[in-house]
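Bear in mind that the values in this text are calculations on the coordinates, not laboratory data. All figures in this text were calculated on a predicted structure; none of them were measured in a lab. Here the Cβ is made from the backbone with ideal geometry for all residues, glycine too, and neighbour counts use every protein chain on show.
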Amino acid sequence: MATLQKVNLGTPPTAVDGDTVRGANTKANANVDVLNAQAALTSAAATITTAQALTAVHVGKRVNISLAAAGTINVPSAATMGLDGVVHLRNVGTTLVTLAVAAGSGDTIALTKLYGGESALLDSDGTHAIGCLMRGRPNTDNEIVIGNETIGGTLAVGGAITASGGFSARPSFAGNLAWDAGNFNPAALSAATVMTFTVNGAERQRIDANGFVHINETSGWIGAPLSVRANSVATAWAISSYGAYQAGGGCYLGRVESPQSGFAGWFFGSTQCGSITTPNGSSTNYNTTSDYRLKTNYVPIPDAGAALSRIKFYQGEFKAVPGEVAHYVLAHELQEVVPSAVTGEKDAMGDWYAVYRDGYDPADVQPEDIVDARQDIVAQAVDYSKLVPLLGAALQEALARIAVLEAKAAA
């Protein structure tokens, strides 16, 4: 396309060597033609209301478009527009306008849609490319991006985010990786699979296909629906609660529907050594395994009466409940007579531990947070049921002696 030209004014004062009047006017007219093609200063004659192809008469014009129904407007070919030729398209209606290149032109176009109220200034390279010099915005406060948008910095959103598509990569929220169908998908858990929970890469809990829960093991021992295994033989597990039920407080509540079902069982390895059962649904038995098949080398208890006489029984109080009288033995004394009835050692103490001030931060303990160091006793315990065999044997001895004395008295 032609370029703008200047009039040669000639050499003053006569200017006889400059352009003639006609020549100067010819250049001026040519400049008008250039401006008409390269600057959209005026509007086309009529508003376009139907889908159609634009022609050379639209080059350099502001073309108003208001379609009654969504349709396509074909822009003039790049060759028709010429180098630096422009056309200013304005969607003055509310219907979406689709932009396309001229049929058979082989051109490319940088913008394919105009929303209601939006405008765009298109230019040509004179060959096969229709570019977008400037673009307006729709008749709304909302921004609409037809294609892809790339943001190199941080996107700050004051409101909500609504997306009908998806993320190409797993996002993180406040530095935390999100759970999704790729790394956590409850819908994918069928009757043939299990749900597992891992900590530091090691499985710590699972729910199997039957709904059974296993902690620190992969299957329940003897088919238990809830099984918990300690990490080592030196590790204990506990249930603790300050709750209450209708008959008082308790940290463990057991319920069975049949006397044949036990409340609790204790095993050493795979051998049961104790249980809590109900014989009739109204009372409770605290059982210690006593099957003859587990025993050997048994004989009658010798000198049971003498052994019983060595046991000291006391009436006294517990320090925790002063004024309340109780009957008991002293564990270390009983241990000398019936060792199996006593657990623990005399005068045993636990490890030292720190006592912290109120309000200290457990994650950032400072020396001044420690207000004391304590060591609690490891109390001995007595199983009074272990005295029953000795009491029974001593009673039998006494009954035998009474029978002898009664026989002598009767003679």
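The figures follow:
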| item | result |
| --- | --- |
| In the range 272-331, trypsin sites (Lys or Arg not before Pro) in a DSSP loop with at most 16 other beta-carbon atoms within 10 Å | Lys295, Lys312, Lys319 |
| Under DSSP loop assignment and at most 12 Cβ neighbours within 10 Å, longest GluC sites (Glu not before Pro)-free interval of the chain | 1-142 |
| Nearest-ten-degree value, helix 21-38 long axis tilted from longest Cα axis of the chain | 20 degrees |
| Estimated distance in nm for a label pair at Arg229 and Arg357, the labels positioned 7 Å out from Cα along Cα-to-Cβ | 4.6 nm |
| Helix 388-410 axis, angle to the chain major axis (alpha carbon atoms, nearest 10°) | 20 degrees |
| Filtered chymotrypsin sites (Phe, Trp or Tyr not before Pro), the range 127-212: DSSP coil and at most 13 other beta carbons within 10 Å | Phe167, Trp179, Phe184 |
| Average Cα contact separation per residue, the chain, under 8 Å, 6 or more apart, as relative contact order % | 6 percent |
| Loop sites in the range 1-77: trypsin sites (Lys or Arg not before Pro), DSSP, at most 13 other Cβ within 10 Å | Lys6 |
| Positive minus negative residues near Thr47 (Lys, Arg vs Asp, Glu; Cβ under 11 Å) | +2 |
| Neighbour net charge for Ala394 - beta-carbon separation under 12 angstrom, K R +1, D E -1 | 0 |
| Pairwise FRET efficiency - Asp33 versus Thr95, Cβ, R0 = 35 Å, nearest 0.05 | 0.55 |
| Value of Rg/Rh across the range 39-135 [Cα atoms, Kirkwood radius] | 0.92 |
